[in-house]
Amino acid sequence: MPKNYCPRCGSLALLSHDGNQYGCEQCDFELFRNVAAAVGVVLVHQQHILLVKRSKAPQAGMWDLPGGFVNRGETAEQALRRECQEELAIQLDSELAFLGAWPNLYAYKELEYPTLDIFYTATLTNRPQLTADNTEVYDVTWMSSDACRTLDMAFNSGALAIAAYLRR
Ligand SMILES: [Zn+2]
């Protein structure tokens with residue numbers, strides 16, 4: 001097990017046996033790197049699913065479902081509505097139906113963040129005018145359900161969410 005620097009005493013004595021709980025052998029400090037919550041949505045309009053192309057790491061250039069990390073104090077639904085507004089300027093007023101939650105690993109700047117990605121689905125009656133926020137997303141498209149079945153997705157959790165939606 002590689003040792004890490006302790007954020008309290010600075011010794012190279014921080015150890016973890018499970019990658020979740022860390023303990024310092026010098027000063028007894030304990031640190032938890034718990035799973036972070038993230039949300040995503042399978043947005044549907046006339047048998048087409050809305051996909052975004054990621055413009056930044058990790059997995060830049062790959063297809064993903066709209067979503068992001070849950071902020072402190074937010075409900076999953078609030079986080080999802082906020083992300084849709086920020087990334088795509090979509091006001092998500094539709095009812096969100098829970099689809100499932102799958103674990104994921106999000107590698108960013110030398111750190112790997114374990115997440116639990118919580119997915120919802122919503123059906124839009126009107127096709128919204130799409131504008132991608134280019135810092136997060138550089139392309140956005142409606143893809144047919146059939147094309148989504150075999151699509152190479154940025155994250156396995158997103159692929160599992162689409163598969164779960166298509167089984168419904
Ligand atoms: Zn310490």
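The values are calculated or read from the model by the stated rules, or taken from the named source; none is laboratory data. Keep in mind that this is a model prediction, so the values were computed, not measured. All Cβ positions, glycine included, derive from the backbone under ideal geometry; neighbour counts span all protein chains shown.
If residue 110 meets every condition in (1) without any contact (Cβ under 8 Å) to a residue 12 or more places away in the chain; (2) touching a strand residue (DSSP E or B) at 6+ places or on another chain (Cβ under 8 Å); (3) on the phi > 0 side of the Ramachandran plot apart from one, which number is that one?
(2)
Regarding segment 158-167, can at least one residue be identified that is more than 17 Å from the chain's Cα centre (by Cα) and surrounded by fewer than 18 Cβ atoms within 10 Å (Cβ to Cβ)? So that I can check it myself, show each step before the final result.
At the first step, the residues of segment 158-167 found to be more than 17 Å from the chain's Cα centre (by Cα) are 166-167.
Going one step further and asking which of them are surrounded by fewer than 18 Cβ atoms within 10 Å (Cβ to Cβ), we end up with 166-167.
So far as segment 158-167 goes, yes, one or more of its residues are more than 17 Å from the chain's Cα centre (by Cα) and surrounded by fewer than 18 Cβ atoms within 10 Å (Cβ to Cβ).
Scan segment 41-95 for residues that are at pLDDT below 90, within 14 Å of the chain's Cα centre (by Cα) and of a type in the set (Asp, Glu) and jot them down.
Selection gives 87 alone.
List the number of the failed condition for residue 63; all other conditions in (1) under 20 Å from residue 145 (Cβ atoms); (2) within 16 Å of the ligand (Cβ to nearest atom); (3) of a type in the set (Phe, Trp, Tyr) hold.
Condition not satisfied by residue 63: (2).
For the list (1) surrounded by fewer than 13 Cβ atoms within 10 Å (Cβ to Cβ); (2) not assigned by TED's automatic domain parsing to the domain that holds residue 160, I need the number of the one condition that residue 47 fails.
(2)
Does any residue in segment 141-168 that is closer than 14 Å to residue 62 by Cα come within less than 7 Å, Cβ to Cβ, of a residue that is surrounded by 15 or more Cβ atoms within 10 Å (Cβ to Cβ) and small (Gly, Ala, Ser) six or more places away or on a different chain, and which pairs are these?
Matching pairs, first to second residue: 153/159; 158/40.
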